[in-house]
Amino acid sequence: MTEGGKACYNEHMEEKLSYRNTVRLFAGEKCFGPGVAQLLRHVQGGSFSALCGQGHEHGLLQTWTIVKSSERILCIQLLDTSVVGRSGGGAQLTEEAVLLLDAYTAFCADLHAAGDALFAQHFGYLEGRS
C-alpha cells in the first residue's frame, strides 16, 4: 500500500490477480500430491500401459520409484501390476488407490472452492482497478 491507503500497481497488475494452492499430503514426508494423482489417473484411463510400451524406460523407472515411495509411506498398495511376456504387462489401480484418488480429488475441489470464496472475500477490493 502507498501513503493514503491506495494500492500500488505495476505493469503486472494488468493481469487479473489470482492465487495458486497445491495440495500435498504428508506422513512425516511427502507421500501424495498432484504428480502421483496424475499418474494414477493415467493408469485408470489406460494410458499408462501405452507409455510403458513406447520406450519411456527412464520415465517409467522414475514413475515406479515415486509410486513405491508413496506406497511405503502410506502403507497401502496403489497398483496391481502384471507382467505378460517380453513386451511387458499392465497396471491397474487397487481399490485403496481408487478411494485415495477420489478422496484427494474431492478434497482438492472443496479446498479450491473454499479458497475461491476466501480469495474474493480478502482480495475482491482489487477487482476492476487499473
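A Förster radius of 30 Å, combined with the Cβ-Cβ distance separating Y125 from T22, puts the computed FRET efficiency at roughly 0.70. A Förster distance of 22 Å, applied to the separation of the beta-carbon atoms of A109 and Q44, puts the FRET efficiency at 0.85. A simple rule links phi to the HN-Hα coupling: the Karplus curve 6.51 cos²θ - 1.76 cosθ + 1.60 with θ = phi - 60°, which for the stretch 24-36 gives 10, 9, 10, 9, x, 9, 4, 10, 7, x, x, x, 5 Hz, with x for Gly and Pro.
Every number here is computed from the coordinates shown, using simple stated rules; none is lab data. The structure displayed is predicted, hence computed values, not measured ones. We place every Cβ from the backbone using ideal geometry, glycine too, and count neighbours over all the protein chains shown.
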